[in-house]
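One structure is given below, encoded as structure tokens.
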Amino acid sequence: RSIEAVRVFGCADHREFCSKHPAELSPDKQADGRGSVTAANVEVATAMSKGSKRYDWVHKRVATDEAFPGEVLLNVMEIDGKKVLQAVVRDMTDRRRTEEHVRQQEHNLRAIFDAEPVGMLWFDENMVVKQVNGVAAQRVGKEATEIINAQPGDGLSCIHSMADTQGCGHGPACPQCP
């Protein structure tokens, strides 16, 4: 018995939850436009043939008909010589909300980065340029794509980056570079 499943799907009790066909725990259509019954049959058939299947799914709460995002893991098991299908469902509402918040924050940060009137670069932990704003690219007369994925001196055509065959960060003047 899963008390958590009863709660997630908004059922009154375990008996109500177990009386529901899986289609009754889903809206008529999935996010991709497929009918839930047809899509579920495809996912079950895949799990039965491959042994397991993980996929995103839109479910609904029984009491309110509220749709919510879920992740489903189907596993084929054998019990008393019979193949059975175990379903593990995770409510992904909080995770999707957090992902959307992060996307919005990244969008806001990118807008600020692009609007700055000074040249700006974002680097990764290996000092490889991952983002460049238009001002920086314009100042060195390059397209942003020519700077991204390069070391800063190489991307910005630093005269000292050519002082060593290994490029930016290896020449005699490089220790003085901020």
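The values are calculated or read from the model by the stated rules, or taken from the named source; none is laboratory data. The structure presented is a predicted model; accordingly, all values stated were derived computationally and were not measured. Cβ coordinates were reconstructed from backbone atoms using ideal geometry, including for glycine residues, and neighbour counts include every protein chain displayed. Protein only, heavy atoms only, side chains kept; ligands, DNA and RNA dropped before computing areas. Shrake-Rupley method; radii C 1.70, N 1.55, O 1.52, S 1.80 Å.
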Rounded to the nearest 10 Å², the accessible area of Met127 at probe 1.4 Å: 90
Distance histogram in 5 Å bins (all Cα pairs of the stretch 130-178, percent per bin): 5, 24, 29, 19, 18, 5
Cα radius of gyration and Dmax for the stretch 13-113 (Å): 17.0, 62
Directionally averaged projected area (convex hull, Cα atoms, the stretch 91-159), nm²: 5.7
Signed unit charges on C-beta, dipole axis of the chain, positive-most listed residue Gln151, Ala173, His107: His107
Within the stretch 88-173: Cβ-based charge dipole about Cα centre, in debye rounded to nearest 20 (Lys, Arg +1; Asp, Glu -1): 200
Given the chain, longest segment not containing exposed loop trypsin sites (Lys or Arg not before Pro) (DSSP; at most 14 other Cβ within 10 Å): 35-178
For the stretch 64-125, projected area of the alpha-carbon convex hull averaged over all directions, nm²: 8.9
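Restricting attention to the stretch 1-100, which GluC sites (Glu not before Pro) occupy a DSSP loop and are surrounded by at most 13 other Cβ atoms within 10 Å?
Values: sites: Glu4, Glu16, Glu24, Glu43, Glu66, Glu71, Glu78, Glu99, Glu100; in loops: Glu66.
Listed in order of number, the matching sites are Glu66.
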Reciprocal mean inverse distance between Cα atoms of the chain - Kirkwood radius, Å: 21.1
Within straight-line cross-link reach of Lys20, lysines at Cα separation under 30 Å, skipping those fewer than 8 residues along the same chain: Lys29, Lys50, Lys53, Lys60, Lys82, Lys83
